[in-house]
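Pasting in a structure now, in structure tokens, and then I'll have a few things to ask.
The values are calculated or read from the model by the stated rules, or taken from the named source; none is laboratory data. Quick caveat, the model's predicted, so the values are computed rather than measured. Note that each Cβ is placed from the backbone with ideal geometry, even for glycine, and that neighbours are counted across all protein chains shown.
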Amino acid sequence: MKKPKLSTAQIWNMSMGFMGIQFGFALQNANASRILQNFGADIESLSWFWLAAPITGLIVQPIIGHYSDQTWSRFGRRKPFFLTGALLAAIALCIMPNAGVLAVAIPPIMIGAGMLMIMDASFNIAMEPFRALVGDMLPEEQNTTGFSVQATLIGIGAVVGSWLPYILVNFFGVSQTVLPGEVPDNVIYSFYFGAVVLVGSILWTVIKTKEYSPAELLSFNPQEVEETHGGLMNIFTSFKQMPETMKQLGWVQFFSWFGLFCMWVYSTPAIAQHIYGTDIEDSSSPLFNEAGNWVGIIFGVYNAVSAGFALLLPKIAKKIGKKQAHSIALTAGGLGLLSIYFVQDPIMLILSMAFVGMAWASILSMPYALLAGTIPLTKMGIYMGIFNFFIVVPQIVSGIIGGPIVKNLFDSQAIFALMMGGVSLLIAAVFAMFVVEKETAEVT
């Protein structure tokens, strides 16, 4: 028995929660370095604090994937994980920018780093079951469309999340003036709003989507009935049995996410230093905060481009192939990051980030579309969690070596960390061409 095709409305409804997750994720990406610097982190130690997020994901996502594969309640299979992750992430979003107020015996920077870890763990609890939901609900020929819709909603949420601090200052007059050790009001209020959007969008998906029961899933693929048995050792067994396509995509993912991590960690100090000409050690200065707000704007640009480009990806992939489409998009992103070195006017960063947006749209969809048809249906959650290894490991590597490289090799010039990220995306583009693609008739 074959899974029925879903309507366009059903695909959008089941992916709506991803918009809220990315809203919060965008606030984290655009503002975490800035908040940590407000609390006293120097540029060399920034990547060390960011390690909390990928290390948490490395542990959490395979476990969440395993249990979401084997969980069924009256609320569904994946839904309980969506909602739990959303509530925890919303709490962390509210606490992180207020770490300075809450700190009594513990330095605020440690509370901020701890909230970064809890926030990312919570995003992970919600995120990977969403990836698995596409495999659960859609027939194979709609996989590319499903992941592309997710990428579009991710882009929409991320645009608003990235731009919100700038909008609050320039359109609503919210203050961005702070004393040393404080976080601007516009950032704090943005995090509050992000918490509300996150929970609301997850509830939309929970209410609007009816998951298939275990009996229905097994009717679609009855030969896999025994594969759901077993405990946590299933994670290690599945890791050893991972499909060849996943191994090939591992290298693509490694260099893609190494480059992205460089961008997220170092964009604010790099742009403040290289383009605005400010002293990055003075994180309370108006010029530094202006640079920080503009980083939010250009991060919104790459997410806006991503949202639009994601809608084109199914047609592009159908015409030239998924791996070719992914390679071209990664090349555009690498060139976009490299171009920042030559920018003098902040406005020109919009063009650089537009190219990064093409890569981001593809990173969020093409690897999963390439992978989904090769994964056993009853192990979708485990394998999506294991696939996350190839996302978090490069971030951990980048976090460990990034600070020493910036300090000792780049003489604390953060712009060269962005160049390193651009080269990494170009390497990922080369590896993408070596992925063996399963032939599938995709629909749009």
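Residues in region 163-173: is at least one under 24 Å from the mean Cα position of the chain (by Cα), assigned to a helix (DSSP H, G or I) and crowded, with 24+ Cβ neighbours inside 10 Å?
yes
Would it be correct to say that VAL305 is of a type in the set (Val, Ile, Thr), out of contact with any Gly (no Cβ under 6 Å at 6 or more places or on another chain), more than 16 Å from ALA428 (Cβ to Cβ) and in contact (Cβ under 8 Å) with a residue 40 or more places away in the chain?
No: the conditions fail for VAL305.
Identify, please: which residue in region 375-393 is buried (at least 23 other Cβ atoms within 10 Å of the Cβ) and among the aromatic types (Phe, Trp, Tyr) and is, among those, modelled with the lowest pLDDT?
TYR383
Let me ask something additional. Just wondering, is there one or more residues in region 217-238 that are over 19 Å from GLU128 (Cα atoms), modelled with pLDDT of 70 or more and among the acidic types (Asp, Glu)?
No, the conditions are met nowhere in region 217-238.
Can VAL159 be described as within 24 Å of GLY292 (Cα to Cα) and surrounded by fewer than 23 Cβ atoms within 10 Å (Cβ to Cβ)?
Judged against the criteria, VAL159 is not a match.
Condition check ((1) in a loop (DSSP other than H, G, I, E, B); (2) closer than 20 Å to THR374 by Cβ) across all residues:
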| position | (1), (2) |
| --- | --- |
| LYS247 | no, yes |
| LEU260 | no, no |
| TYR276 | yes, no |
| ASN289 | no, no |
| VAL295 | no, no |
| SER306 | no, no |
| ALA317 | no, yes |
| LYS323 | no, yes |
| ALA332 | no, no |
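While we're here: If you go through region 150-160 one residue at a time, do you hit one that is part of a helix (DSSP H, G or I) and farther than 17 Å from ASN303 by Cα?
Checked against the condition, which is being part of a helix (DSSP H, G or I) and farther than 17 Å from ASN303 by Cα, region 150-160 yields no hits at all.
Let me ask you something else. If a residue must be in a loop (DSSP other than H, G, I, E, B) and closer than 16 Å to MET16 by Cα, how many such residues does region 123-141 contain?
Residues in region 123-141 being in a loop (DSSP other than H, G, I, E, B) and closer than 16 Å to MET16 by Cα: 1 in total.
Criterion first (more than 18 Å from the chain's Cα centre (by Cα), closer than 28 Å to ILE386 by Cβ and not hydrophobic (A, V, I, L, M, F, W, C)) does GLN324 satisfy it?
Criteria met by GLN324.
Within region 5-15, how many residues are assigned to a helix (DSSP H, G or I), surrounded by fewer than 24 Cβ atoms within 10 Å (Cβ to Cβ) and in contact (Cβ under 8 Å) with a residue 60 or more places away in the chain?
4
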